[in-house]
Amino acid sequence: MSHLSSTVTGHLRRPNEHPVEAPAETPPADHELVMKVIPMPADANANGDIFGGWVMAQVDLAGAVLPARYAQGRMATVAVNQFVFKQPVRVGDILSFYARMERIGRSSLTVNVGVYAERFDTQGRYIKVTEATLTYVAIDDSGRPRPVPRPEM
Ligand SMILES: CC(C)(COP(=O)(O)OP(=O)(O)OC[C@H]1O[C@@H](n2cnc3c(N)ncnc32)[C@H](O)[C@@H]1OP(=O)(O)O)[C@@H](O)C(=O)NCCC(=O)NCCS
């Protein structure tokens, strides 16, 4: 191990050995499963849990899945309207991202995303770790807002 890596790892804290676990929850039936991912050690912060910025990036990706069905082309994230880290995410959790469309505007699409963790050693038991609401905007080739196509009647 190099001097640098031993210095860095010496400052990393081990995750809590016996964390207090939140009650299990059932993912909502009115949300659609849009993504699953497993965080790796490289995604951890100095507490040994998963870095919040990594979780936000995954939520941004997962949140885009349903709006993309309506935008039918380029779009951009314009706002993170709400973002709550309810429980820590741990290395090796299976994260499931459930989404539901909240609003379709002229050019904007707002979506709610709930993130549920199955802990490494309690697979099948879902803990809600994050909830967020994000807004995307359909954009044209110049990056300007364009109307969301309306389905043919
Ligand atoms: C997205 C972008 C094209 C919107 O351009 P804009 O000139 O601000 O557009 P407008 O003011 O006409 O708003 C467009 C829509 O977004 C909505 N919107 C704008 N700001 C918003 C906000 N803060 N929260 C929620 N909705 C918002 C508007 O209400 C409007 O919705 P509607 O057409 O359904 O009524 C522009 O802001 C942009 O390019 N942002 C950067 C996007 C980006 O790089 N995202 C990745 C960040 S890492």
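Less than 5 angstrom separates the built amide H of ARG125 from those of ARG119, all sequence-distant by 5 or more or on a different chain.
For the stretch 14-153, the residue among ILE104, PRO27, GLN58 whose Cα projects farthest onto the positive side of the dipole built from Cβ charges is ILE104.
Taking amide H atoms as placed 1.01 Å from N in the peptide plane, the amide H of SER107 lies under 5 Å from those of VAL148, each 5 or more residues away in sequence or on another chain.
Averaged over residues, the count of other Cβ atoms within 10 Å places the peptides 113-125, 72-84 in the sequence 113-125, 72-84, highest first. Taking Cα centre as origin and charging only the Cβ of basic (Lys, Arg, +1) and acidic (Asp, Glu, -1) residues, the dipole magnitude of the stretch 32-138 rounds to 340 debye.
Every number in this text was worked out from the coordinates using simple rules, so none of it is lab data. Computed from a predicted structure; not experimentally measured. Methodologically, a virtual Cβ is constructed for each residue, glycine included, from the backbone with ideal geometry; neighbour enumeration extends over all protein chains shown.
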